[in-house]
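Working notes, structure below.
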Amino acid sequence: MRIKASRITNLTDARYFAAKEVQYLGFNLEEGTEHYLDPMYMKAIREWVEGPKIVGEFATASPAYAAEAAAFFGLDAVQINAEGNLNALDQLAGIETILRIDGGLEPALIRQIMSGAAAFVDVYLLDFTHVHNWEDRLFKDIETWNELFDLRPTLLQADIAIFRLSDLFQHFRLAGLSVVGGEEEQVGVKSFDELDELFEVVVEI
């Protein structure tokens with residue numbers, strides 16, 4: 001199962017997730033947006049971890065901007081939002097691209113996005129973080145969603161109870177999960193009890 005750790009802002013998180021052998025470490029490198037991390041700190045954190053691909057996350061930036069940042073900062077991959085960028089995805093040719101799709105969009109529009117962008121991106125990140133009835137939306141049409149998940153590996157980002165993970169992955173051909181980093185309690189100090197429990201379940205799926 002692929003795991004992406006998103007919105008990393010500190011070394012404690014980065015080292016934890018790297019030790020868990022996640023595939024991606026994501027850093028928001030778009031100045032002026034929430035959870036922005038100065039690229040200087042990203043580069044410093046990067047020197048302390050090995051294994052995961054380093055992803056630059058861009059909330060509103062264009063594919064052209066993300067491509068320039070990937071070259072300048074030596075990123076392994078970029079993540080951009082689907083909205084407003086679908087007609088310019090070819091500008092990311094040659095760069096591993098994660099396309100974030102807002103799960104709150106109408107299902108028909110999500111289907112249109114995933115079908116149309118498959119030739120230009122490597123991974124989908126379907127973000128249901130702010131969608132309260134997201135499980136109902138998926139289970140209403142399991143077959144159609146699975147056809148979309150087959151187009152490109154799809155990571156799920158959502159508020160999900162850990163005991164529901166096994167059932168979810170039994171029904172849906174998702175490639176993995178996107179989990180979100182958080183603030184330290186003190187510098188170098190943070191509790192990972194909930195994430196530890198999640199990874200215990202993930203390894204058994």
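The values are calculated or read from the model by the stated rules, or taken from the named source; none is laboratory data. Computed from a predicted structure; not experimentally measured. Counting neighbours? That spans all protein chains shown, and the Cβs are built from the backbone with ideal geometry, glycine included.
Restricted to the range 172-195, and to residues there that are out of contact with any Leu (no Cβ under 8 Å at 6 or more places or on another chain) and at pLDDT 90 or above, the residue that is surrounded by the most Cβ atoms within 10 Å (Cβ to Cβ) is L195. V201 satisfies every condition listed in (1) closer than 28 Å to E34 by Cα; (2) modelled with pLDDT of 90 or more; (3) surrounded by 14 or more Cβ atoms within 10 Å (Cβ to Cβ) except (1). One residue stands out in the range 9-44 among those that are charged (D, E, K, R) and within 18 Å of S178 (Cβ to Cβ): the one that is surrounded by the most Cβ atoms within 10 Å (Cβ to Cβ), namely D13.
Just to be sure before I move on: is Q91 touching a Ser or Thr at 6+ places or on another chain (Cβ under 9 Å), modelled with pLDDT of 95 or more and over 22 Å from L148 (Cβ atoms) in the structure I sent? Show your work before the answer.
Numbers: touching a Ser or Thr at 6+ places or on another chain (Cβ under 9 Å): yes; modelled with pLDDT of 95 or more: yes; over 22 Å from L148 (Cβ atoms): yes.
Considered against the rule, which asks whether it is touching a Ser or Thr at 6+ places or on another chain (Cβ under 9 Å), modelled with pLDDT of 95 or more and over 22 Å from L148 (Cβ atoms), Q91 comes out as yes.
Would you mind finding the one in S62, S6 that is buried (at least 19 other Cβ atoms within 10 Å of the Cβ) and not aromatic (F, W, Y)? Working first, answer last.
On the way: S62 fails: buried (at least 19 other Cβ atoms within 10 Å of the Cβ).
Of S62, S6, the one residue that is buried (at least 19 other Cβ atoms within 10 Å of the Cβ) and not aromatic (F, W, Y) is S6.
Let's see how each residue does on (1) in contact with an Asp or Glu (Cβ under 8 Å, 6 or more places away or on another chain); (2) charged (D, E, K, R):
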{"residue": "R2", "(1), (2)": "no, yes"}
{"residue": "T12", "(1), (2)": "yes, no"}
{"residue": "A19", "(1), (2)": "no, no"}
{"residue": "L37", "(1), (2)": "no, no"}
{"residue": "R46", "(1), (2)": "no, yes"}
{"residue": "F58", "(1), (2)": "yes, no"}
{"residue": "G84", "(1), (2)": "no, no"}
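Criterion applied to E106, E47, E96, E57 was being surrounded by fewer than 16 Cβ atoms within 10 Å (Cβ to Cβ), under 18 Å from L125 (Cα atoms) and of a type in the set (D, E), and the one residue passing it is E106. For the range 115-128, a residue qualifies if it is free of Cβ contacts under 8 Å to residues at least 40 places away in the same chain and touching a strand residue (DSSP E or B) at 6+ places or on another chain (Cβ under 6 Å), and the qualifying residues are A117, V121, Y124, L126.
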